[in-house]
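Participant: Quick one: the structure is below, questions incoming.
Only the coordinates and a few stated rules stand behind these numbers; no lab work does. Predicted, not measured: the structure shown is a model, and the values here were computed from it. Neighbour counts are summed over all protein chains in view; Cβ atoms, including those assigned to glycine, are modelled from backbone coordinates with ideal geometry.
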Amino acid sequence: MKSLKKILLLLLVLFVIAQFFGPEKNTGDLTSVEPFLEATNPPENVAAILKESCYDCHSSHTRYPWYSNITPVNYWLADHVNDGKKHFDFSKWNAYSVKKKDHKIEELIKMVEEKEMPLKSYTLAHSEAKLSASDIEAVKEWAEHVRIQLTLIPKPQ
């Protein structure tokens, strides 16, 4: 029994020490998505959906909940954000080629249509980020229009 208490005490001490360390936070400015918004011109309702349901994991700006300061949760959240930005980063829209932009928007349509985005683990804590059928339809309609606009951009010779 004494050894169990020592192990639990050691684990508690390690947990407390771990709270002083954590991954770098994604604390850029939300203005980083302005080039994307200017280029794709989403209607007001779609812009609000993107802000509420997408930007935390897919831009340079994440709104962190209170529990993001607790290790190991902070590492789990950082991994989600880094993975999300790897797949599509609204803040890097201008760095994408026209072909890549089209592909990213195509993926966005697919993920939203199939209800794979936003992630269920995200909407558990952020119920306001859940997409209704009308939200999905609005995003899809706008995104399809963006894809049409992208085909009109002249290709470099």
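Participant: Test of understanding: given the chain, find the longest segment containing no GluC sites (Glu not before Pro) that are in a DSSP loop and have at most 12 other Cβ atoms within 10 Å. Numbers along the way, then the final one.
Facilitator: On the way: sites that count: GLU24, GLU114, GLU116.
The longest uninterrupted stretch comes out as 25-113.
Participant: Which of the helices in the chain, when you take each full DSSP H run, stretch at least 18 Å along the axis at their Cα atoms and have an average Kyte-Doolittle score of 1.6 or higher?
Facilitator: On the way: long enough: 2-18 (24 Å, 2.12); 73-87 (21 Å, -1.12); 98-113 (22 Å, -0.85); 133-151 (27 Å, -0.26).
Span-like helices, by this rule, are 2-18.
Participant: Which aspartates and glutamates, if any, have their Cα less than 16 Å from the Cα of LYS101, not counting same-chain residues under 8 positions apart?
Facilitator: Candidates past the 8-residue exclusion: GLU34, GLU38, ASP89, GLU144.
Participant: Could you work out the relative contact order of the range 22-151, using alpha carbon pairs under 8 angstrom and six or more residues apart, expressed as a whole percent? Before the final figure, lay out the partial values.
Facilitator: On the way: 124 pairs, mean separation 41.4, N = 130.
This gives 32 percent for the range 22-151.
Participant: Ok, one more. Compare LEU119, LEU11, LEU30 in a GNM of the chain, Cα atoms joined below 10 Å, and give the one with the largest fluctuation.
Facilitator: LEU11
Participant: What's the longest bit of the chain with no exposed chymotrypsin sites (Phe, Trp or Tyr not before Pro), using DSSP loop states and at most 13 other Cβ atoms within 10 Å as the test? Present the calculation step by step, with values, prior to reporting the outcome.
Facilitator: Numbers: sites that count: PHE20, PHE21.
Result, exposed sites excluded: 22-157.
Participant: Which number comes out as Rg/Rh for the chain once both Rg and the Kirkwood Rh are worked out on C-alpha atoms?
Facilitator: Numbers: Rg = 19.7 Å, Rh = 17.6 Å.
Here Rg/Rh amounts to 1.12.
Participant: Take the residue pairs LYS110/LYS130; LYS115/LYS140; LYS92/LYS130; LYS25/LYS100; LYS110/LYS140 and return only those whose Cα atoms are more than 18 Å apart.
Facilitator: Pairs exceeding 18 Å: LYS92/LYS130; LYS25/LYS100.
Participant: Let me ask something additional. Can you put ASP135, ASP56 in order, fewest other beta carbons within 10 Å first?
Facilitator: Arranged by neighbour count, lowest to highest, ASP135, ASP56 become ASP135, ASP56.
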